[in-house]
Amino acid sequence: MSKQEEFEHMEKYVLSTGIRVGTQVKTKFMVPFITKATNEGLYIIDSKKTLARIQTTAKFINRAEISRVIVCSGREYATTPIEKFCEVTGATPMLGRFMPGTLTNPLLPYYIEPQLILISDPQTDEQAILEATNAGIPVIGISNTDNITSKIDLIIPANNRGRKSLAAIYWLLAREILLQKGQLKANESMKYEIDDFETKITEEELEEESEKPTPRFGRAPRQ
């Protein structure tokens, strides 16, 4: 498979998981990654830029000592994607609430000194971003159309709210890391598929999720 064919193959995954579907709000930071707005007012992320950033991110991560790459998120739907990503790549997961002082207070028993931080949402993972910035640690952030990314060093523009989209992001990134390392060939399958990276919920939770009304914010602000 040529690089172009590989790129097109990945893009099909992107389009099928809602990875490019943003919110009804856009920030000035995310404007370069947005292609259009739907009739419902949802901003659409450029999937080609998402894939290109995933490739760039993989190069960045592969320059670091993988065990010192911390992947953190306070989002429930990011739990399984991060666990699978770290299992496949060797990165270190940090799930749930980010404890203050983790990156800035050497006196704390849970203090760590990572080389790189990967976060799933600039809003949810604000504490991790703040401490990484203060400690001089580069931050990679999966960012939606409504995120503020002024303290993110490398943005992966994507839907960071959906279960399927988060699974796709981490699967694509894990695959690209292995490809660039030479641990996986382009025509080979990974140990896990995208579905394996997805956080599963019960039938009751799925029904509740489908019954939630779509949020309406009126006209999206122009920034």
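Annotation: of all residues in segment 38-51 being more than 20 Å from Pro81 (Cβ to Cβ) and either of a type in the set (A, V, I, L, M) or outside any loop (DSSP other than H, G, I, E, B) (or both), the one that is most open to solvent (accessible area, probe 1.4 Å) is Lys48. Only one of these is closer than 28 Å to Val31 by Cβ, among the hydrophobic types (A, V, I, L, M, F, W, C) and out of contact with any helix residue (DSSP H, G or I) (no Cβ under 8 Å at 6 or more places or on another chain): Ala52, Ala64, Ala78, Ala58. Name it. Of the residues listed, the single one that is closer than 28 Å to Val31 by Cβ, among the hydrophobic types (A, V, I, L, M, F, W, C) and out of contact with any helix residue (DSSP H, G or I) (no Cβ under 8 Å at 6 or more places or on another chain) is Ala52.
Within segment 72-119, the set of residues being outside any loop (DSSP other than H, G, I, E, B) and of a type in the set (Phe, Trp, Tyr) comprises Tyr77, Phe85. When we screen Thr35, Thr50 for residues that are within 27 Å of Gly90 (Cα to Cα), of a type in the set (Val, Ile, Thr) and either out of contact with any Leu (no Cβ under 8 Å at 6 or more places or on another chain) or modelled with pLDDT of 90 or more (or both), the only hit is Thr50. Scan segment 96-105 for residues that are surrounded by fewer than 18 Cβ atoms within 10 Å (Cβ to Cβ) and either of a type in the set (A, V, I, L, M, F, W, C) or farther than 18 Å from Asp153 by Cβ (or both) and the total you get is 6.
Restricting attention to segment 102-130, which residues are small (Gly, Ala, Ser) and over 14 Å from the mean Cα position of the chain (by Cα)?
Keep residues of segment 102-130 that are small (Gly, Ala, Ser), which gives 120, 128.
The answer is Ala128, and nothing else.
Give Arg68, Arg75 a once-over and let me know the one that is open to solvent by 10 Å² or more (accessible area, probe 1.4 Å) and modelled with pLDDT under 95.
Only one candidate passes the filter, namely Arg75.
Figure legend. Inter-residue proximity from segment 8-37: first residues under 15 Å from Ile156 (Cα atoms) and in a helix (DSSP H, G or I), second residues open to solvent by 20 Å² or more (accessible area, probe 1.4 Å) and at pLDDT 85 or above, beta-carbon distance below 6 Å, spacing 6+ or different chains. Indicated pairs: Phe33/Asp46; Phe33/Lys49. Looking for something out of contact with any strand residue (DSSP E or B) (no Cβ under 7 Å at 6 or more places or on another chain), open to solvent by less than 30 Å² (accessible area, probe 1.4 Å) and within 21 Å of Ala168 (Cβ to Cβ) - is there at least one such residue anywhere in segment 106-119? No, segment 106-119 contains no residue that is out of contact with any strand residue (DSSP E or B) (no Cβ under 7 Å at 6 or more places or on another chain), open to solvent by less than 30 Å² (accessible area, probe 1.4 Å) and within 21 Å of Ala168 (Cβ to Cβ). Which residues, counting only those in segment 120-155, are surrounded by 18 or more Cβ atoms within 10 Å (Cβ to Cβ), within 19 Å of Gly22 (Cα to Cα) and aliphatic (A, V, I, L, M)? Ile140, Ile142, Ile152, Ile155, listed by residue number. When you look at Ile152, is it modelled with pLDDT of 95 or more and part of a loop (DSSP other than H, G, I, E, B), yes or no? When the stated conditions are applied, Ile152 passes them. The set of residues in segment 176-193 being free of Cβ contacts under 8 Å to residues at least 60 places away in the same chain and either among the hydroxyl-bearing types (Ser, Thr, Tyr) or in a helix (DSSP H, G or I) (or both) consists of Ser189 alone.
The values are calculated or read from the model by the stated rules, or taken from the named source; none is laboratory data. Owing to the predicted nature of the structure, the values given are computational and were not obtained by experimental measurement. Positions of Cβ are backbone-derived with ideal geometry, glycine not excepted, and every protein chain shown enters the neighbour counts. Remember, those area values only see protein heavy atoms, side chains included, never the ligands or the DNA or RNA. Shrake-Rupley method; radii C 1.70, N 1.55, O 1.52, S 1.80 Å.
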